[in-house]
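First comes the structure, then the notes that go with it.
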Amino acid sequence: MTIETKYNIGQEVWWKHKNGEIHSGIISAIRISVYNQVSNVGIRYGVKTDPFDADYYEWFWDFYPTKEELLKSL
């Protein structure tokens, strides 16, 4: 099975937080979950959002590669 990710470790990404704030960060980890053996694969991206905690990631599915693309989607 080959799994292709939309984003890569080290890539800057942008997202809108649930409180409405716009954030950016660097992808630091990728988590892949296979739900069944056919094709149901879930990919989540870990972003370090706490500069004081090296082991803390927030996990997201939905990003934008640039701030402009995020703003266009709103």
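In segment 6-17, which residues are in a loop (DSSP other than H, G, I, E, B) and within 13 Å of Pro65 (Cα to Cα)? Let's see the steps before the verdict.
Going through segment 6-17, the residues in a loop (DSSP other than H, G, I, E, B) turn out to be 6-11, 17.
Lys6, Tyr7, Asn8, Ile9, Gly10, Gln11, listed by residue number.
Residue by residue, here is whether (1) part of a loop (DSSP other than H, G, I, E, B); (2) exposed (fewer than 11 other Cβ atoms within 10 Å of the Cβ); (3) at pLDDT below 85 holds:
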| site | (1), (2), (3) |
| --- | --- |
| Asn19 | yes, yes, no |
| His23 | no, no, no |
| Gln37 | yes, yes, yes |
| Pro51 | yes, yes, yes |
| Tyr56 | yes, no, yes |
| Lys72 | no, yes, no |
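The values are calculated or read from the model by the stated rules, or taken from the named source; none is laboratory data. Because the structure is predicted, anything quoted here is derived from the model rather than measured. Methodologically, a virtual Cβ is constructed for each residue, glycine included, from the backbone with ideal geometry; neighbour enumeration extends over all protein chains shown.
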